[in-house]
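Asker: Handing you this structure, nothing more for now.
The values are calculated or read from the model by the stated rules, or taken from the named source; none is laboratory data. Bear in mind that the values here come from a model prediction, so they are computed numbers and not experimental data. Note that we place each Cβ from the backbone using ideal geometry, even for glycine, and neighbour counts take in every protein chain shown.
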Amino acid sequence: MTFPSDPTGELLELMQGEGIDLSQPYMLDFYVLFADEEQGRKAAERVQKEYPGSGLYLNYNEAAKEWELRLVTEMVPEHGPICEIEKTLTALCKKYKGKSDGWGMLEPEDDDVDDGLE
């Protein structure tokens, strides 16, 4: 499978190269950064209305020195839908001075790996 030449396409290509089955749904995380906790909370309220079945977390990111809003949603990692969520988050959070910080996922656990633990 080939992907567009953009950050989302590059990440999908990397995931595919790591052997991740991109036809299966996974929990994907989408990030938006805010300088101010109050702006992050207001944005979170707005995002929750748009994505009512998704997980939503606001935490202070020590490394970035900013508040990080994380939207967690289960979906098949496809370029178009991922870009659409990023576009929607950018639009929803612009009013609150949020800036998109990309997306990602935890690497799926391989239940078939023998780790020596019983």
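Asker: Would you call LEU22 surrounded by 12 or more Cβ atoms within 10 Å (Cβ to Cβ), of a type in the set (A, V, I, L, M, F, W, C) and under 28 Å from LYS95 (Cβ atoms)?
Answerer: No; evaluated as a whole, the condition is false for this residue.
Asker: State which residue is surrounded by the most Cβ atoms within 10 Å (Cβ to Cβ) when the search covers only segment 1-19 and only residues that are of a type in the set (S, T, N, Q) and farther than 27 Å from ASN59 by Cβ. Before you say what the answer is, go through the steps one by one.
Answerer: Within segment 1-19, the subset of a type in the set (S, T, N, Q) is 2, 5, 8, 16.
Add one more test, that the residue is farther than 27 Å from ASN59 by Cβ, and what stays is 2, 5, 16.
On the way: THR2: 8, SER5: 8, GLN16: 15.
It comes out as GLN16.
Asker: Hey, can you tell me all the residues within segment 43-62 that are out of contact with any helix residue (DSSP H, G or I) (no Cβ under 7 Å at 6 or more places or on another chain), surrounded by 12 or more Cβ atoms within 10 Å (Cβ to Cβ) and of a type in the set (Lys, Arg)?
Answerer: Those that are out of contact with any helix residue (DSSP H, G or I) (no Cβ under 7 Å at 6 or more places or on another chain), surrounded by 12 or more Cβ atoms within 10 Å (Cβ to Cβ) and of a type in the set (Lys, Arg): none in segment 43-62.
Residue by residue, here is whether (1) modelled with pLDDT under 95; (2) assigned to a loop (DSSP other than H, G, I, E, B) holds:
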position: GLU45; (1), (2): no, no
position: LYS49; (1), (2): no, no
position: LEU71; (1), (2): no, no
position: LYS87; (1), (2): no, no
position: LYS97; (1), (2): no, yes
position: TRP103; (1), (2): no, no
position: GLU107; (1), (2): yes, yes
position: ASP111; (1), (2): yes, yes
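Asker: Going residue by residue through segment 53-67, is there one that turns out to be closer than 15 Å to ILE85 by Cβ, touching a Ser or Thr at 6+ places or on another chain (Cβ under 9 Å), in a strand (DSSP E or B) and aliphatic (A, V, I, L, M)?
Answerer: no
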